[in-house]
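As structure tokens, the structure follows; a few thoughts come after it.
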Amino acid sequence: MAKKKEVLEETTVETVETPEKEEQLALDDERRIKVLSPSMLVWKRFIRNKLAIVGSIFIIAMFVFAFIGGIVSPYGESEVFRKYTDLTKDYAGITQNTELRYSDLSATDFPSIAKAKFVMAINKGEENFKSDDGSSYTIETIGEKGEESYAIFREGTLVSIASKLIYDAVEEGYVPTLDFRYAAEKAKAAGEENFTADGETYKLAKVEDDDVIFDSKGNELIYISDFIVNPIGDSEFIPVEQKAALKEAIEKNEEKITYDGVDYKIKRENLQWLVKSGQEAYVIDTYSSPSKAHWLGTDGNGMDVLTRLMYGGRVSLLIGFIVVAIETIIGVILGGISGYFSGWVDNIIMRIVDIFNCIPTTPLIIILGAMMDAMRVDPTLRMIYLMITLGVLSWPGTARLVRGQILSLREQEFMTATEATGISVSRRIFKHLVPNVIPQLIVICTMGLGDVIITESTLSFLGLGVKFPFASWGNIINAVSNVYVMTNYLFVWIPAGFCILITVLGFNFIGDGLRDAFDPKMKR
Amino acid sequence: MGKFIVKRLLQCVLILFFVALIIYAVMRCLPTSYVESIARQRSSLPGSKSYTEWLAQLNAVYGLDVGIFRGFLKWLASAVRLDFGDSWQYNVPVMEKFKDVIWYSFALGAVSFFFELIISIPAGIIAAVKQYSKIDYAVTVIALIGVSLPTFFFATILKLVFSIKLGWFDLYGMVGRYHEQLSAWGQFGDIAKHFVLPTCTIVIISIGSMMRYTRTNMLEVLNSDYIRTARAKGVAENKVISYHAFRNTLIPIVTIVGGSIPGLFSGALITETLFQIPGIGYISYQAMVGGDIPFSMFYMIFMAVLTLLGTLIADILYAVVDPRVRVN
């Protein structure tokens, strides 16, 4: 009955303009009166509220952005973008060899002490020397003075070759034997074209100023030069042809060469040359500035920020709605029962409300989040746990509101009528009492949506809510924990912050407008 | 009145008992492997107790070796004597750490609360007096923006503008680099300077709800019969507002302000964390993220106590301030 009465009170009478020639209508004639239902009145008041309209536009825009935008966007939620970039990398160091380098049979046969004796011996021009352990060595000089190399024999066995020439194998990993070196050095010094070592015949020839050793089948085996080329960084093998090219460039004093499509820069440092390669690397496109392809740039993982925002909006809005649904269901059921029955049931439920009201939500969720971090819980599961925890912890407010409203509604005549007509208790609560609470419920739910979105984004910001690979507005802003990103890549985090602000503001504007619209005392 | 307070106090104790039980149960329901792995981690730190010692301490303080309810009673027995065990994170008794940091939080909370009140109450009253004017709209919009701003986003913007772009304040921390070399007054000024941005954050975020609360209550008072009577008598409008209306609006405001006082100790978890102010919020955040169960337990119980105290004070103040309530 109460509802009916309200309708009568709120009926707005608007005189419809009557054309003169028509019949005279009685003052209370139906045709002269425009009857507005309460919901229409609420609607009229709502759309007159500018802020509420602005809020509605915000929310509709956010929904379109999040749910339709995600479909329209050409990119995926966690699609990583890559780009080609010119990386100058230290490629190789080149030294012109001016010192004798030893190729030993083994470390024990020609120890470093013996090497020192050897150096003294050749300085004095001696052909024999003795090491400290008593072994006697014989030196055989190969080649002319100035370009000579030495073969060192220990009691008749060849133990080492000391030479200024560098032997670069064509094939990676090929190490020539000592006998081969000996034969090769001798052949080179004598200017012979063929030599035999280890039972095989090799050919020595000049290819474009370089001395090259071919095997019996005519394959290139070894390049001889006085340049040492050391690869820098990842121990990659530099092919001999490339070494030859680099050597040539150095001899010609060139600073730049192109080999196999890659640019190399050569820089001289005293007796050394540093080769830098301008390699085109395929890298993740992180923090790229807004462009046509990525309207808001890319984030630290090389993902499109705009697309992440859209998917993040979905997550935030969905979490908001689910949490509010959970808290409303629990709140309405417990509040309804509590308000209707009063007495000890009410007392117990209200104490439960007090208890839940006292449990500090944020700390509890932070602890659970940290625990789930330690347990490495799957991100999807985490999201579900988060929604359940938030919902279960935040229903007391709803329950209190429902109970308070029902306590006052219970005393009204229409409830006496339901009792008189013998309607069952659950029907009385949920069919006759709860619908009368719906206006207040809608208001509290709308405002609650905003709160949940803030809580969720705060947790995600702290890294304890929605986790990668899922996007959430909060975890997008998380990038600012790096001060460099905060200062230099505003396009990564500012839009996400405004998304949160606009959405929550929208819900609050709507809630505020609805509260005013539902308030029968409000006369505007 | 005395009877009412005693009844409410007993109720609070009962509620607190159950809250503690629930929090304890949640902590106990964390997978045991988690507790053990934390103990193991802690024990591997240099200069720490051994793993078995950690577990033994855990058992002693939390009764992890007995059932949930018995363990709870065991924990409660020491908790009522304010013995919350040793913090795992900070390696000192929980209460000691708490005493070290709580006053920073209180200072931050109190200063922010003061500014919040002197801004929001006048603004709310003006908005109500000039309902539907531009000022009213502005206050409503500012209030709602304050309510809708996520703390972390607003704090980050403040940092960007005032710390990085303008360079007026430090990004983090409570003291500057040369704090130790300053005079006593200089040290105070240094800390005050570091509190500016956190205070701004808290004030802007929280003035919204207070403004709206004041406005709603003022509107209600302005629509009441005695105000109409006063106006009908020909009392000057100024006097109606500042004398008749304002004093009545103060009733709910005093109540809510009183109820907020315990909250000043609760610390602003997010703000303190963002600005790395070593108050109870930041310290607890680190403890919670680091899996420091003793400190986390204490912090949650502390928060529950503050909430209960807040409602209790509000209820009592309501009766004290409003004679109409006292009659019933």
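The values are calculated or read from the model by the stated rules, or taken from the named source; none is laboratory data. In this text the structure is predicted, and so the values were computed from the model without any measurement. Please note: Cβ atoms are built from the backbone with ideal geometry, for glycine as well, and neighbour counts cover all protein chains shown. Calculation scope for accessible area: heavy atoms of the full protein, side chains included, ligands and nucleic acids excluded. Shrake-Rupley method; radii C 1.70, N 1.55, O 1.52, S 1.80 Å.
Tell me which of these residue B:175 doesn't satisfy, since it passes every other one: (1) within 26 Å of residue B:281 (Cβ to Cβ); (2) assigned to a helix (DSSP H, G or I); (3) more than 12 Å from chain A (Cβ to nearest Cβ).
Among (1) within 26 Å of residue B:281 (Cβ to Cβ); (2) assigned to a helix (DSSP H, G or I); (3) more than 12 Å from chain A (Cβ to nearest Cβ), residue B:175 violates only (2).
State whether the residues of the range A:374-394 include one that is of a type outside the set (Lys, Arg), open to solvent by 40 Å² or more (accessible area, probe 1.4 Å) and modelled with pLDDT under 85.
Checking the range A:374-394: at least one residue is of a type outside the set (Lys, Arg), open to solvent by 40 Å² or more (accessible area, probe 1.4 Å) and modelled with pLDDT under 85.
Say we look at the range B:138-154 and pick out the residues that are open to solvent by less than 10 Å² (accessible area, probe 1.4 Å) and more than 7 Å from chain A (Cβ to nearest Cβ); which of these is nearest to residue B:202 (Cα to Cα)? Break it down stepwise before answering.
Step one: of the range B:138-154, the residues open to solvent by less than 10 Å² (accessible area, probe 1.4 Å) are B:143-144, B:146, B:148, B:150, B:152-153.
Still in the running and more than 7 Å from chain A (Cβ to nearest Cβ): B:143, B:146.
Details: B:143: 13, B:146: 10 Å.
Result: B:146.
Have a look at B:9, B:21 and point out the one that is out of contact with any Gly (no Cβ under 6 Å at 6 or more places or on another chain), open to solvent by 80 Å² or more (accessible area, probe 1.4 Å) and at pLDDT 75 or above.
Numbers: B:21 fails: open to solvent by 80 Å² or more (accessible area, probe 1.4 Å).
Going through B:9, B:21 in turn, just one is out of contact with any Gly (no Cβ under 6 Å at 6 or more places or on another chain), open to solvent by 80 Å² or more (accessible area, probe 1.4 Å) and at pLDDT 75 or above: B:9.
Determine if the range A:407-414 includes at least one residue that is aromatic (Phe, Trp, Tyr), open to solvent by less than 40 Å² (accessible area, probe 1.4 Å) and in a helix (DSSP H, G or I).
Going through the range A:407-414, the residues aromatic (Phe, Trp, Tyr) turn out to be A:414.
Within this subset, residues satisfying the condition of being open to solvent by less than 40 Å² (accessible area, probe 1.4 Å) are A:414.
This time we only want the ones that are in a helix (DSSP H, G or I), so: A:414.
Yes, the range A:407-414 contains at least one residue that is aromatic (Phe, Trp, Tyr), open to solvent by less than 40 Å² (accessible area, probe 1.4 Å) and in a helix (DSSP H, G or I).
Kindly indicate whether any position in the range A:390-399 is more than 30 Å from residue A:429 (Cβ to Cβ), within 14 Å of another protein chain (Cβ to nearest Cβ) and in contact (Cβ under 8 Å) with a residue 12 or more places away in the chain.
No, every residue in the range A:390-399 fails to be more than 30 Å from residue A:429 (Cβ to Cβ), within 14 Å of another protein chain (Cβ to nearest Cβ) and in contact (Cβ under 8 Å) with a residue 12 or more places away in the chain.
Filter the range B:155-164 for residues that are surrounded by fewer than 22 Cβ atoms within 10 Å (Cβ to Cβ) and among the aliphatic types (A, V, I, L, M) and give the result.
B:157, B:158, B:160, B:161, B:164
Could you list all residues from the range A:160-178 that are over 23 Å from residue A:244 (Cα atoms) and at pLDDT below 80?
A:178
Exactly one condition in (1) in contact with a Leu (Cβ under 9 Å, 6 or more places away or on another chain); (2) within 14 Å of another protein chain (Cβ to nearest Cβ) is false for residue B:241; which is it?
(2)
Test residue A:481 against the stated conditions and say whether it is without any contact (Cβ under 8 Å) to a residue 60 or more places away in the chain and either surrounded by fewer than 24 Cβ atoms within 10 Å (Cβ to Cβ) or under 30 Å from residue A:409 (Cβ atoms) (or both). Break it down into steps so the answer makes sense when it comes.
On the way: without any contact (Cβ under 8 Å) to a residue 60 or more places away in the chain: yes; either surrounded by fewer than 24 Cβ atoms within 10 Å (Cβ to Cβ) or under 30 Å from residue A:409 (Cβ atoms) (or both): yes.
Here the answer is yes, as residue A:481 does meet what is asked.
Among the residues of the range A:77-99, is there at least one that is under 30 Å from residue A:286 (Cα atoms), modelled with pLDDT of 75 or more, in contact with a strand residue (DSSP E or B) (Cβ under 9 Å, 6 or more places away or on another chain) and β-branched (Val, Ile, Thr)?
yes
Can you spot a residue in the range A:358-371 that is open to solvent by less than 30 Å² (accessible area, probe 1.4 Å) and more than 13 Å from chain B (Cβ to nearest Cβ)? Talk me through it step by step, then tell me what you get.
So the first thing to find is which residues in the range A:358-371 are open to solvent by less than 30 Å² (accessible area, probe 1.4 Å), and the list is A:358-360, A:363-367, A:369-371.
Now narrow it down to the ones that are more than 13 Å from chain B (Cβ to nearest Cβ): none.
The answer is no; no qualifying residue exists.
Within the group B:157, B:121, which residue is more than 12 Å from every other protein chain (Cβ to nearest Cβ) and at negative phi?
That would be B:121, the only listed residue that is more than 12 Å from every other protein chain (Cβ to nearest Cβ) and at negative phi.
Write out, first by first residue and then by second, each pair whose Cβ atoms fall under 6 Å of each other, whose residues are 6+ apart or on separate chains, and whose first residue, in the range A:333-355, is more than 14 Å from chain B (Cβ to nearest Cβ) while the second is of a type in the set (Gly, Ala, Ser) and crowded, with 18+ Cβ neighbours inside 10 Å.
A:334/A:399; A:335/A:399; A:346/A:338
Starting from the range A:409-432, take each residue that is over 25 Å from residue A:330 (Cα atoms) and list its partners that are open to solvent by less than 90 Å² (accessible area, probe 1.4 Å) and charged (D, E, K, R), counting only C-beta distances under 7 angstrom and pairs at least six apart or across chains.
Listed pairs, sorted by first residue: none to list.
Scan A:70, A:93 and give me the residue that is surrounded by 12 or more Cβ atoms within 10 Å (Cβ to Cβ) and outside any strand (DSSP E or B).
Values: A:93 fails: outside any strand (DSSP E or B).
Exactly one residue qualifies, and that residue is A:70.
Checking the condition open to solvent by less than 10 Å² (accessible area, probe 1.4 Å) and within 14 Å of another protein chain (Cβ to nearest Cβ), which residue from B:209, B:296 passes?
On the way: B:209 fails: open to solvent by less than 10 Å² (accessible area, probe 1.4 Å).
Checking each option against the conditions leaves just B:296.
Within the range A:489-524, how many residues are touching a residue at least 60 places away in the same chain (Cβ under 8 Å), open to solvent by 60 Å² or more (accessible area, probe 1.4 Å) and under 35 Å from the mean Cα position of the chain (by Cα)?
Going through the range A:489-524 one residue at a time, the tally reaches 0.
So that you can scan it fast, the table gives a plain yes or no per residue for (1) within 11 Å of chain B (Cβ to nearest Cβ); (2) modelled with pLDDT under 90:
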{"site": "A:440", "(1), (2)": "no, yes"}
{"site": "A:453", "(1), (2)": "yes, no"}
{"site": "A:456", "(1), (2)": "yes, no"}
{"site": "A:464", "(1), (2)": "yes, yes"}
{"site": "A:468", "(1), (2)": "no, yes"}
{"site": "A:475", "(1), (2)": "no, yes"}
{"site": "A:489", "(1), (2)": "no, yes"}
{"site": "A:493", "(1), (2)": "yes, yes"}
